[in-house]
Amino acid sequence: MDITLEVNGETRHLSIDPRVTLLDALRERLGITGPKKGCDRGQCGACTVHVDGRPVLACLTLAATVREPVRTVEGLAADGRPHPVQQAFAEQDALQCGFCTSGQVMSAVAAVEQEVADVREFMSGNLCRCAAYPNIVAAVEQARSTKESADARV
Amino acid sequence: MRAFELTAPTTLDEALTSGATALAGGTTLVDLMKLDVLTPPRVVDINALPLRGIEVDPAGDLRIGALERMSAVAAHPQVYPVISRALLLSASQQLRNMASIGGNLMQRTRCGYFRDVAMPCNRRDPGSGCPAIEGANRMHAVLGTSDACVATHASDLAVALVALDARIELVSTQGGRSVALADFYRLPGDTPEREHDLRPGELIGEIVVPRLDWAARSTYVKVRDRQSYEFALCSVAVALDVRDGRVADVRIAAGGVGTVPWRLTAVEAALRGGPADEAAFEAAAQVAADGARPLSHNGYKTALLPRTVVRALLEVSRG
């Protein structure tokens, strides 16, 4: 079947089997490999992308059912500068092997945007086998305080 | 995943006459299709159907469209705390952004034997047997079980809704019907493959929570192996109306212990009219696990259930 996806601001046309997940469409058909295939069963969060601004699991989403804009980690940087959450992950050393990082970052962006009270609870859908959790939480908190001071200046 | 035909109608009539398996958030269906547990030849994407909206109607009943996402319902200011809490303690934030509440009520059990097509399972393959009864059954049910199936019902939301006497409005081309959620789910008995009362050609249209003015005083307590992102070993939904130190009215249901969401009417009856204190809560909770049939590895649930009931009552009475 023929589908149209809007990914990181670009309109992309694809001809796919209905079985193709959003994750496989992004990675295998569009060459957008930021979202990672970890468990492929909706349990690890490595494939987290935003659809209509909300984090979802691309591995449990059929590409043909996606009607709203998709944003992946590749779409976060603006004007050649990393997103404040990406910057915070680098500064807080919030990764070891990096495989889960793009999914962690996509959830973290939502955590900051939604001003969540409990970061650990919100981030529990993103597993990190290197157990970089303390630094991931620190990165989310750094990005949140960066945003708060930016908001205060406005 | 087996090949299937996918359609995406925009009208209810097209969807209801399609004869295809309904796909909303996909968090159960796509998962189980990948595991070959479900192999529907035709799937209908129902996300474009007009089954949305969260509102309080003129009678004061809360009406929630079946396609509303778990995260949207949890965040809505007019949703009772016990419902919000049950939703926020479910799954992960990504899954809550995806899963519809109609789909949440239709989710399948997390029994490991059900999810593994290499194993027998009476629920998936009627008559093939139930390895859980003699096998790894630590997570399984102690209430409402049969010799054919001991799988728990996995939904937290359903527990909260059963406590509040919620109904579901079913839509079909024959018109609609209204069913109490507590009557919608079937005990496994000899036919565990028949999990609910949804007929072919029907969809859940709306969830209706009757007005309950004192349900602002309600909560959901979930006991699990991990602090987050895990299914319940035992959970309890409570709404409590305390007047002059006495229990004027109460609603209690439990999850993680039954083959269906388990209303604790005997505990409610023992509490009504009595003092709203810890001793009375402890005494009433003693009947919570009456009728339980523990298996080799889940006997702890008969002790955990009354304790969780007491904790939920204490939390809400002190709140």
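General observations
- Against the numbered list (1) free of Cβ contacts under 8 Å to residues at least 40 places away in the same chain; (2) farther than 30 Å from B:THR7 by Cα, A:ASP52 comes up short only at (2).
- Test: residue in segment A:96-104 that is at the interface with chain B (Cβ under 9 Å from one of its Cβ atoms), within 25 Å of A:ARG12 (Cβ to Cβ) and among the polar types (S, T, N, Q): no
- Applying the condition of being part of a loop (DSSP other than H, G, I, E, B) and either more than 19 Å from B:LEU187 (Cα to Cα) or more than 14 Å from chain A (Cβ to nearest Cβ) (or both) to segment B:81-111 and asking which residue is nearest to the chain's Cα centre (by Cα) yields B:MET106.
- Pairs with Cβ under 7 Å, 6+ apart, first in segment A:141-154 and without any contact (Cβ under 8 Å) to a residue 40 or more places away in the chain, second open to solvent by less than 70 Å² (accessible area, probe 1.4 Å): A:GLU141/A:VAL119; A:ARG144/A:VAL112
- Boolean, A:ASP93 is modelled with pLDDT under 95, more than 13 Å from the chain's Cα centre (by Cα) and over 30 Å from B:MET1 (Cβ atoms): no
- Only one of A:ALA77, A:ALA139 that is away from chain B (no Cβ under 14 Å), crowded, with 23+ Cβ neighbours inside 10 Å and either more than 13 Å from the chain's Cα centre (by Cα) or farther than 20 Å from B:GLN93 by Cα (or both): A:ALA139
- In segment A:16-40, of all residues being within 14 Å of chain B (Cβ to nearest Cβ) and open to solvent by 70 Å² or more (accessible area, probe 1.4 Å), the one that is nearest to A:LEU57 (Cα to Cα) corresponds to A:LYS37.
- For A:ARG54, the test of being open to solvent by 20 Å² or more (accessible area, probe 1.4 Å) and either closer than 18 Å to B:SER71 by Cα or modelled with pLDDT under 95 (or both) is passed.
- If the condition is being assigned to a loop (DSSP other than H, G, I, E, B), under 24 Å from B:LEU12 (Cα atoms) and open to solvent by less than 60 Å² (accessible area, probe 1.4 Å), then segment B:166-194 contributes B:ALA166, B:SER172, B:GLY175.
For (1) part of a loop (DSSP other than H, G, I, E, B); (2) surrounded by fewer than 23 Cβ atoms within 10 Å (Cβ to Cβ), each residue gets a yes or a no:
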position: B:VAL238; (1), (2): no, no
position: B:ALA248; (1), (2): no, yes
position: B:ALA253; (1), (2): no, no
position: B:ALA269; (1), (2): no, yes
position: B:GLU282; (1), (2): no, yes
position: B:ARG293; (1), (2): yes, yes
position: B:HIS297; (1), (2): yes, yes
position: B:LEU304; (1), (2): no, yes
position: B:LEU313; (1), (2): no, no
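- Considering segment A:12-59, the residues that are assigned to a loop (DSSP other than H, G, I, E, B) and of a type in the set (Lys, Arg) include one that is nearest to the chain's Cα centre (by Cα), namely A:LYS36.
- Within segment A:123-136, the residues that satisfy the criterion of being within 9 Å of chain B (Cβ to nearest Cβ) and surrounded by 23 or more Cβ atoms within 10 Å (Cβ to Cβ) are A:MET123, A:GLY125, A:ASN126.
- Matching option when the condition is farther than 30 Å from A:ILE16 by Cα and in a helix (DSSP H, G or I), among A:ALA94, A:ALA131, A:ALA117, A:ALA108: A:ALA108
- Among residues of segment B:31-52, those that are touching a strand residue (DSSP E or B) at 6+ places or on another chain (Cβ under 9 Å) and open to solvent by less than 30 Å² (accessible area, probe 1.4 Å), counted: 9
- Within segment B:180-209, residues that are on the phi > 0 side of the Ramachandran plot sit with their Cβ atoms under 6 Å from residues that are open to solvent by less than 50 Å² (accessible area, probe 1.4 Å), at 6+ positions apart or across chains, in these pairs: B:GLY189/B:SER146; B:GLY201/B:LEU16; B:GLY201/B:SER172.
- Test: residue in segment B:22-29 that is closer than 16 Å to B:GLY103 by Cβ, β-branched (Val, Ile, Thr) and away from chain A (no Cβ under 12 Å): no
The values are calculated or read from the model by the stated rules, or taken from the named source; none is laboratory data. Owing to the predicted nature of the structure, the values given are computational and were not obtained by experimental measurement. Positions of Cβ are backbone-derived with ideal geometry, glycine not excepted, and every protein chain shown enters the neighbour counts. Just so you know, the surface numbers come from the protein's heavy atoms only, side chains and all, with ligands and any DNA or RNA stripped out. Shrake-Rupley method; radii C 1.70, N 1.55, O 1.52, S 1.80 Å.
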